[in-house]
1. Since PRO66 meets every condition but one in (1) under 23 Å from the mean Cα position of the chain (by Cα); (2) surrounded by 18 or more Cβ atoms within 10 Å (Cβ to Cβ); (3) under 26 Å from TRP135 (Cβ atoms), which condition does it not meet?
2. Residues in segment 69-88 that are acidic (Asp, Glu) and surrounded by 23 or more Cβ atoms within 10 Å (Cβ to Cβ): how many?
3. Can you tell me which residue among ASP260, ASP302, ASP278 is assigned by TED's automatic domain parsing to the domain that holds ALA92, in contact with a Ser or Thr (Cβ under 8 Å, 6 or more places away or on another chain) and charged (D, E, K, R)?
4. Tell me which residues, restricted to segment 89-124, are within 21 Å of HIS137 (Cα to Cα) and either outside the structural domain of TYR138 (by TED's automatic domain parsing) or acidic (Asp, Glu) (or both).
5. Pick from segment 296-313 the residues that are hydrophobic (A, V, I, L, M, F, W, C) and closer than 13 Å to LEU254 by Cβ: which of them is surrounded by the most Cβ atoms within 10 Å (Cβ to Cβ)?
6. Residues of segment 267-306 being more than 30 Å from GLN242 (Cβ to Cβ), outside any loop (DSSP other than H, G, I, E, B) and touching a Leu at 6+ places or on another chain (Cβ under 7 Å), which ones?
7. Quick check on segment 157-213: of everything there that is in a loop (DSSP other than H, G, I, E, B) and aliphatic (A, V, I, L, M), which residue is modelled with the highest pLDDT?
Amino acid sequence: MGKLLVKLGVSAGTVVLAAGALEWGARSQLADRPLGFEHVWEEQEQNQLVEEYLYVGKFQFREAPPGPESNRPGTTRVLFLGDSFTFGSGVAKRADRFTDLVEAQCNASLVQERSVRRVDVFNAGINGGKPSFWWEHYQVLKDTYRPDQVFAVFFLRDGTLLPTSMMHNQELMQPILEDWQSKPLYRHSRFLSWLYDRMAQQEFSKKFQSMLRHSYLGTEEEQQEWRLQRDFLAQLADQCRQQGRPFHLVIFPLLLNLEDYQFHDVEQEIQRFAKEQDIPVLSLTPGFLGQDARKLWVSEVDQHPNEQGHLLAAKVLTPYLLKAIASSNSPHAEGSD
């Protein structure tokens, strides 16, 4: 009996020491971080880029207005419409966005082929953008930029009413946070507060993913936003077709669980729509599968793609764009309006 008590005492002491070490480590590492999820909102606000936005017509983009270089003979002008993923939210340098990488990679390939052609890309991505916004942007850019190829980069959120960043999901997140913050010792243990915050984040992520899936595959009411946005995509494709401009739909995956991706069925629904409308579609997902998703985020709490994520997207897009250019009749769609 005495030996048993000694063993129990040693085990209990080990547990206490381990818990103490975890708590000490948490207090050392998280000393400056506020309790709760306030650090998420603060970090995402700090992560917003501060730079000059440039007007094209009445719209502001993270891109210089089209200049004389885009009208040089032999130039194929490529317009990218999209949301914050295309905009490059959280990526400090415009040159590191996948659109700029695609432009550079295409031109390098054309130089190697001793071609006199060149590619000029205009990135019209905006934070929070959806096809309903892209329609308006195109009405300005079709005249000021006169693209020869049009790409709509569709992130899986774009057919839903869900915001992308956690900073803009506070209403959805708050009840989950309050539940986890009511757990024992939340306010007294740095380690437990960190652990509960992580659990809250995981619970929110599961809820977000479920709501996103239902936006495409759920009831008619749940699919209402997707039906609206796909109508705008269809109108965009039809207008481009009438103007002799090839229109392409690009699917950007959700950067979650890329080792066992859960949204192939959602992408199949988007591809089904594209096939119905005779819209060429490219999924970037194969270029991301197997990656550690967190290593592709701009920060621990912001799932926008970082520079590595943009590089992966460019690797899939570049050969597709070069093939599209090669199959077009001419570098310029003369007479387009």
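The values are calculated or read from the model by the stated rules, or taken from the named source; none is laboratory data. None of these values were measured; they are calculated from a predicted model. Here Cβ is always computed from backbone atoms with ideal geometry, including for glycine, and neighbour counts include all displayed protein chains.
1. (1)
2. Residues in segment 69-88 being acidic (Asp, Glu) and surrounded by 23 or more Cβ atoms within 10 Å (Cβ to Cβ): 1 in total.
3. It is ASP302.
4. Those that are within 21 Å of HIS137 (Cα to Cα) and either outside the structural domain of TYR138 (by TED's automatic domain parsing) or acidic (Asp, Glu) (or both): ASP100, GLU103, ASP120.
5. Taking the candidates together, the pick is LEU296.
6. GLY287, ALA293, LEU296, TRP297, GLN303, PRO305
7. Applying the filter and picking the extreme gives LEU161.
Rundown of residues vs (1) in contact with a Phe, Trp or Tyr (Cβ under 7 Å, 6 or more places away or on another chain); (2) in a loop (DSSP other than H, G, I, E, B); (3) at pLDDT 85 or above; (4) of a type outside the set (A, V, I, L, M), yes/no style:
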position: PRO34; (1), (2), (3), (4): no, yes, no, yes
position: TRP41; (1), (2), (3), (4): no, no, no, yes
position: GLN46; (1), (2), (3), (4): no, no, no, yes
position: GLU51; (1), (2), (3), (4): no, yes, no, yes
position: THR76; (1), (2), (3), (4): no, no, yes, yes
position: ALA92; (1), (2), (3), (4): no, yes, yes, no
